[in-house]
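The values are calculated or read from the model by the stated rules, or taken from the named source; none is laboratory data. The shown structure was predicted, so the numbers you read here are calculated from the model rather than taken from an experiment. Counting neighbours? That spans all protein chains shown, and the Cβs are built from the backbone with ideal geometry, glycine included.
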Amino acid sequence: MSTIAEYAIVILLLTGGFFTLVGAIGLARLPDFYSRLHGPTKATTVGIGSIVMASVVFFSTRGEGIGISEVLIVVFLFITAPVSANIMAKAAMHMGIDPAKGTRGHPWDQ
């Protein structure tokens, strides 16, 4: 395995770990349902995507070829996470879940 590939794997794993940690902290610490959606849909999506891409780089440099299933996992994750977050936010709006105090903007009141 070349040194450049090893550095790429390390950077992708560290980036993925950082974003996943930030997403988990955001999920635990943010004040209301609407802001908690940002943790798993934004930061964690990028984190898991980076970790899976590190796996793609690792196995492709070992001569096993690019794992199509890993690439499809990343594509599926990037497509479904924002859509599911949007649906959950709309459901919460229709159920009348209030945002935290001090939140600006209420698009459903217009």
Residues within region 64-88 that are closer than 27 Å to Phe33 by Cβ and among the hydroxyl-bearing types (Ser, Thr, Tyr), tallied: 2
Flagged in region 19-57 as under 18 Å from Ser84 (Cβ atoms) and among the hydroxyl-bearing types (Ser, Thr, Tyr), in numbering order, are Thr20, Tyr34, Ser35, Thr41, Thr44, Thr45
In region 1-52, the residues that are over 30 Å from Lys101 (Cα atoms), under 13 Å from the mean Cα position of the chain (by Cα) and surrounded by 15 or more Cβ atoms within 10 Å (Cβ to Cβ): Thr15, Gly16, Ile48, Gly49, Ser50, Ile51, Val52
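Does Pro107 satisfy being at pLDDT below 85 and in contact with a Gly (Cβ under 7 Å, 6 or more places away or on another chain)? If you could, list the steps in order and put the result at the bottom.
Values: at pLDDT below 85: yes; in contact with a Gly (Cβ under 7 Å, 6 or more places away or on another chain): no.
It is false that Pro107 is at pLDDT below 85 and in contact with a Gly (Cβ under 7 Å, 6 or more places away or on another chain).
Aliphatic (A, V, I, L, M) and in contact with a His (Cβ under 9 Å, 6 or more places away or on another chain) - does that describe any residue in region 56-78? Before you say what the answer is, go through the steps one by one.
Of region 56-78, the ones aliphatic (A, V, I, L, M) are 56-57, 66, 68, 71-75, 77.
After this cut, where a residue has to be in contact with a His (Cβ under 9 Å, 6 or more places away or on another chain) as well, the list is none.
No, region 56-78 contains no residue that is aliphatic (A, V, I, L, M) and in contact with a His (Cβ under 9 Å, 6 or more places away or on another chain).
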If the Cβ limit is 6 Å and pairs must be 6+ apart or interchain, which residue in region 55-78 that is in contact (Cβ under 8 Å) with a residue 60 or more places away in the chain pairs with which residue that is surrounded by 14 or more Cβ atoms within 10 Å (Cβ to Cβ) and not hydroxyl-bearing (Ser, Thr, Tyr)? Thr61/Ala5
What do you reckon, is Ile68 β-branched (Val, Ile, Thr), modelled with pLDDT under 85, over 16 Å from the mean Cα position of the chain (by Cα) and closer than 20 Å to Ala5 by Cα? yes
When residues of region 83-104 are limited to those that are at pLDDT 85 or above and surrounded by 12 or more Cβ atoms within 10 Å (Cβ to Cβ), the one farthest from Thr20 (Cα to Cα): Met93
